[in-house]
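Following: one structure in structure tokens, then a few remarks.
Please treat every number below as a calculation from the coordinates, not as lab data. Because the structure is predicted, anything quoted here is derived from the model rather than measured. Positions of Cβ are backbone-derived with ideal geometry, glycine not excepted, and every protein chain shown enters the neighbour counts.
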């Protein structure tokens, strides 16, 4: 899966959680053990959401606004928060 996003008008209705739940089921059925996700360090709602559904932030090499990030993950200046979830 490259991207999961929900139009702001439809958030807080369980749509993203349902999409991720289905993805976790498919991953388990295919013997996958770890799921990774990324988001921008300024996207506080995404960080909160991923934590709520059981992702943990993987320690990076820097910190932005109290959140561990991987610098240049998306190229020069593209720091990202990396999440891991064991399924």
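Give me the residue from segment 59-77 that is in contact (Cβ under 8 Å) with a residue 12 or more places away in the chain, over 12 Å from residue 39 (Cβ atoms) and in a loop (DSSP other than H, G, I, E, B) and, out of that set, nearest to the chain's Cα centre (by Cα).
60
Give me the residue from segment 21-57 that is in contact with a helix residue (DSSP H, G or I) (Cβ under 7 Å, 6 or more places away or on another chain) and outside any loop (DSSP other than H, G, I, E, B) and, out of that set, nearest to residue 70 (Cα to Cα).
39
Only one of (1) over 20 Å from residue 2 (Cβ atoms); (2) out of contact with any strand residue (DSSP E or B) (no Cβ under 8 Å at 6 or more places or on another chain); (3) exposed (fewer than 12 other Cβ atoms within 10 Å of the Cβ) is not met by residue 44, so which one is it?
(3)
So, in segment 18-41, exactly how many residues are surrounded by 10 or more Cβ atoms within 10 Å (Cβ to Cβ), within 20 Å of residue 82 (Cβ to Cβ) and in contact (Cβ under 8 Å) with a residue 24 or more places away in the chain? Can you show your working first?
Just the residues of segment 18-41 that are surrounded by 10 or more Cβ atoms within 10 Å (Cβ to Cβ), to begin with: 18-28, 32, 35-41.
Applying the additional criterion that residues be within 20 Å of residue 82 (Cβ to Cβ) yields 19-20, 23-24, 27, 32, 35-41.
Applying the additional criterion that residues be in contact (Cβ under 8 Å) with a residue 24 or more places away in the chain yields 20, 24, 27, 32, 35-41.
Qualifying residue count for the region: 11.
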